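Accompanying notes for the structure given below.
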Amino acid sequence: MSELRVEIANSLSEIPADAWDALVGEHNPFIEHGFLSALERSGCVGYKAGWLPVHVTVYRDDALVAAMPLYLKDNSYGEYIFDWGWAEAAYSAGLDYYPKLVSAVPFTPVTGRRLLTAGGGLDDALVDALVAGALAVAEKTGASSAHWLFVTEQEHEALAARGLIARLTHQYHWTNDGYQSFDDYLAAFRSPARKNVRKERRKAETCGLDLVLKRGPELDDNDWNGLWRFYRDTTSRKWGQPYLNKRFFKELRERFAHRVVAALAYNARGEPVAGTLNFHKGQHLYGRYWGCVEEHDALHFELCYYRLIELCIDNGWTRFEAGAQGSHKIQRGLMPALTYSAHVIVDPGLSRGIRRFVEREALVLRAEMRGMARRGPFKRDEPDEDCAQ
């Protein structure tokens, strides 16, 4: 068999879209060439944004057999697995923490494959080549560290087996337990939680707005302009950070609309006044951006959660992820789920300290997740096995 050849691509445009996408799995749209390249073409990712592409590619002869999104960064913004404390510890020890390397989808805290390999498995030789490629970039650029964020559980295990620091965090996800309808879903709730959801849905449905789900190709100029306004409104508020620009939304419309699902609320004049921008692939739905220009009681819950959970049930989709953070999601049926990352810290002393921190952090996290699972809305009150370990 021919030897493997590792190359670094400074833009997705250097890699044919069909060759990249042939390595991508069936459920995650964000790792697709179309989404990642839209971030680059729009300027949301690049030198000025502090996300410099250094994607690792592996070839056998002329065939692309593995790839990994990778970025050289001079900050920790837009990652959602937080390492600001690690940077402070490095500086306290007289070490530079930046630049660093990050394998992730920029500004997108969604679990998915980062080690893209032919056949979809985790072939040892290909994984070794991808990791070695990242470490070679780290050495060449003087990066302090390399971080694989929101990897799959299988990738997490494979990277830990290679000596990387394995970190656990959590989000809130909805899982379809074979529900036949939204009422069937609510039947699994305890009575107080069920009544609360029904009350919130009634408020949203009687607020005088027309609530509509649309797929990307159905969205017109009015809808896309509304989605952009909603994003800008949300990110302009306290703690908001507008990582995306209007050109990116234009790229989505032109090249990625087939993955888009929008939940929109229209006023009597047919103007969108609130909505969510979501993405779908395979059996999974992902909620990403919410915003509004009019405030209506419970409308957020309807467009961000209930309407989308109902869509999943109607289509038999198995998973809905509604974005990072938000313990209020638990009482609406989005339960705590582990998320995974893996890290290489070049300095041995800093690496030992961070490894100890991550081990303690995991113990606290699992205890917290057991408590959160018990507070869930479902009649069953036992925490998931994953949380109990």
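At a glance:
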{"quantity": "Filter pass, ASP314 being over 17 Å from the mean Cα position of the chain (by Cα), part of a helix (DSSP H, G or I), surrounded by fewer than 19 Cβ atoms within 10 Å (Cβ to Cβ) and of a type in the set (Asp, Glu)", "calculated": "yes"}
{"quantity": "Top-ranked residue of the range 92-115 - restricted to ones that are closer than 16 Å to SER145 by Cβ and among the basic types (Lys, Arg), ranked as surrounded by the most Cβ atoms within 10 Å (Cβ to Cβ)", "calculated": "LYS100"}
{"quantity": "Hey, LEU115 under 21 Å from the mean Cα position of the chain (by Cα) and in contact (Cβ under 8 Å) with a residue 40 or more places away in the chain or not", "calculated": "yes"}
{"quantity": "Single residue of ALA66, ALA146, ALA125 found to be farther than 22 Å from PHE249 by Cα, surrounded by fewer than 20 Cβ atoms within 10 Å (Cβ to Cβ) and among the hydrophobic types (A, V, I, L, M, F, W, C)", "calculated": "ALA125"}
{"quantity": "Residue tally, condition outside any helix (DSSP H, G or I) and either of a type outside the set (Phe, Trp, Tyr) or buried (at least 22 other Cβ atoms within 10 Å of the Cβ) (or both), over the range 72-91", "calculated": "9"}
{"quantity": "Residue among TRP174, TRP148 that alone is part of a strand (DSSP E or B), touching a residue at least 12 places away in the same chain (Cβ under 8 Å) and in contact with a Cys (Cβ under 9 Å, 6 or more places away or on another chain)", "calculated": "TRP174"}
{"quantity": "Residues (of a type in the set (Gly, Ala, Ser), farther than 13 Å from ASN222 by Cα and in contact (Cβ under 8 Å) with a residue 60 or more places away in the chain) located in the range 253-279", "calculated": "ALA268"}
{"quantity": "Selection within the range 187-210 - surrounded by 18 or more Cβ atoms within 10 Å (Cβ to Cβ) and either closer than 30 Å to LEU116 by Cα or among the aliphatic types (A, V, I, L, M) (or both)", "calculated": "ALA193, VAL197, ALA204, LEU209"}
{"quantity": "Any hit, the range 248-260, residues being under 22 Å from TYR80 (Cα atoms) and not aliphatic (A, V, I, L, M)", "calculated": "yes"}
{"quantity": "Extreme residue, nearest to LYS281 (Cα to Cα), among residues of the range 1-57 that are aromatic (Phe, Trp, Tyr) and in contact (Cβ under 8 Å) with a residue 24 or more places away in the chain", "calculated": "PHE30"}
{"quantity": "Verdict on ALA298 being surrounded by 20 or more Cβ atoms within 10 Å (Cβ to Cβ), over 17 Å from GLN171 (Cβ atoms), in contact with a helix residue (DSSP H, G or I) (Cβ under 8 Å, 6 or more places away or on another chain) and assigned by TED's automatic domain parsing to the domain that holds LEU219", "calculated": "no"}
{"quantity": "Among (1) under 20 Å from the mean Cα position of the chain (by Cα); (2) modelled with pLDDT under 95; (3) part of a loop (DSSP other than H, G, I, E, B), the one test that HIS328 misses", "calculated": "(3)"}
{"quantity": "Number of the condition not met by PRO336 [criteria: (1) touching a Phe, Trp or Tyr at 6+ places or on another chain (Cβ under 7 Å); (2) in contact (Cβ under 8 Å) with a residue 40 or more places away in the chain; (3) surrounded by 16 or more Cβ atoms within 10 Å (Cβ to Cβ); (4) closer than 20 Å to SER181 by Cβ]", "calculated": "(4)"}
{"quantity": "Count of the range 372-382 residues which are over 24 Å from the mean Cα position of the chain (by Cα) and either β-branched (Val, Ile, Thr) or at pLDDT below 95 (or both)", "calculated": "6"}
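The values are calculated or read from the model by the stated rules, or taken from the named source; none is laboratory data. Computed from a predicted structure; not experimentally measured. Ideal geometry is used to build each Cβ from the backbone, glycine not excepted, and the neighbour counts take in all protein chains shown.
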